[in-house]
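Working notes for the structure below.
The values are calculated or read from the model by the stated rules, or taken from the named source; none is laboratory data. Being a predicted model, the structure only gives us computed values, none of them experimental. Glycine also receives a Cβ, built like all others from the backbone with ideal geometry; neighbour counts cover every protein chain displayed.
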Amino acid sequence: MPGLEVENLHVRIENKKILHGITLNVEYGSIHAIMGPNGSGKSSLAYTIMGRESYEVEEGDIRLDGESLLDLPTEERALKGIYMALQDPPQVPGVRLSTLMIAAINKKLGNLDLTRVKDPSIVKKMYKYAEELNLSRDILQREINVGFSGGEKKRSELLQALVLEPKVIILDEPDSGLDIDGVKKVANILKELKAEGKAIMLITHYARMFKYVTPDIVTVIIDGKIAVQGGPEVANLVEEKGYAYIRQRFFKR
């Protein structure tokens, strides 16, 4: 199945070219790992997919189920089924985590009252997934990311992905700030999401999580270009040899 398709994507932000001809697919029921050193363009790719302002697509296309997303604002891309968990999610004072998820679900369903809970099973689902992620129920009533630990931020982002049930899930460094038990928990959740047929883009700069969940495809980006693309063996090569070796062995300017 097509899922999310990125074709020959060239992107500029202000006066700087940041992506140079990126082509990749994130199919349903698969995990596509995007690896690369810091500043390589991994997060920029994710922001561009989500339609973040100031990321100008000069050439190429981004498609979901064959439909181009380039003319759609971020909100519309989210409503079509793309969810992105940020590397460093911001604080949102005054808005409870549960309120955000309820509003997002109501918006998706076309309900005018975004804050009203029409289906009590939604709240039960929040509690269920919070427990699975070792999050206290109290976190649902807290202001988004206000006073959250690094691990709580990451797990609450994943909680939103579970509750909102998007088609495509983009996770930017989901293991940062987590201890080993947290990494294992996130890996198990990713396996479940894959089994449910979700298309998962997993962005990371090291292969720690891949000890517990195996990606189907690994794409290494260096300086905004694809250096190498392959199976799980690519992640193993990065772990063993490092990015300097990948640059020397595969990267073409």
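Scan the range 49-62 and give yes if some residue there is under 28 Å from Lys184 (Cβ atoms), free of Cβ contacts under 8 Å to residues at least 40 places away in the same chain and under 20 Å from the mean Cα position of the chain (by Cα), otherwise no.
Within the range 49-62, none of the residues are under 28 Å from Lys184 (Cβ atoms), free of Cβ contacts under 8 Å to residues at least 40 places away in the same chain and under 20 Å from the mean Cα position of the chain (by Cα).
Give the residue that is surrounded by the fewest Cβ atoms within 10 Å (Cβ to Cβ), with candidates limited to residues of the range 31-45 that are within 10 Å of Ile18 (Cα to Cα) and more than 11 Å from the chain's Cα centre (by Cα).
Restricting to residues being within 10 Å of Ile18 (Cα to Cα) and more than 11 Å from the chain's Cα centre (by Cα), the top hit is Gly39.
What residue, of Gly110, Gly81, is without any contact (Cβ under 8 Å) to a residue 24 or more places away in the chain, among the small types (Gly, Ala, Ser) and closer than 16 Å to Leu164 by Cα?
Just one listed residue meets the conditions, Gly110.
Looking for something assigned to a helix (DSSP H, G or I) and more than 16 Å from the chain's Cα centre (by Cα) - is there at least one such residue anywhere in the range 156-172?
The answer is no, given that none of the residues of the range 156-172 is assigned to a helix (DSSP H, G or I) and more than 16 Å from the chain's Cα centre (by Cα).
Can you confirm whether the range 188-208 contains a residue that is at pLDDT 90 or above and more than 28 Å from Ile62 (Cα to Cα)?
Within the range 188-208 (the criterion being at pLDDT 90 or above and more than 28 Å from Ile62 (Cα to Cα)), the answer is yes, since at least one residue qualifies.
Filter the range 47-65 down to the residues that are at pLDDT 95 or above and assigned to a loop (DSSP other than H, G, I, E, B), then identify the one that is nearest to Tyr28 (Cα to Cα).
Asp65
Among the listed residues Val168, Val163, Val146, identify the single one that is touching a helix residue (DSSP H, G or I) at 6+ places or on another chain (Cβ under 7 Å) and hydrophobic (A, V, I, L, M, F, W, C).
Val163
Kindly list, by first and then second residue, each pair from a residue in the range 119-134 that is under 20 Å from Lys154 (Cα atoms) and of a type in the set (D, E, K, R) to a residue that is modelled with pLDDT of 90 or more and crowded, with 17+ Cβ neighbours inside 10 Å, limited to pairs with Cβ atoms under 9 Å and residues at least 6 apart or on different chains.
Pairs found: Lys125/Leu162; Lys125/Val163; Lys128/Leu162; Glu132/Leu159; Glu132/Leu162; Glu132/Ile189.
Sort out which residues of the range 190-215 are surrounded by fewer than 16 Cβ atoms within 10 Å (Cβ to Cβ) and assigned to a helix (DSSP H, G or I), and write them in order of number.
Result: Lys191, Glu192, Ala195, Arg208, Lys211.
Within the set of pairs 6 or more residues apart or between chains, which connect a residue that is of a type in the set (S, T, N, Q) inside the range 176-194 to a residue that is outside any helix (DSSP H, G or I) with Cβ atoms less than 8 Å apart?
Ser176/Gln87; Asn188/Tyr212; Asn188/Val213
Which count do you get for residues in the range 14-46 that are over 21 Å from Ile246 (Cα atoms), modelled with pLDDT of 95 or more and assigned to a strand (DSSP E or B)?
5
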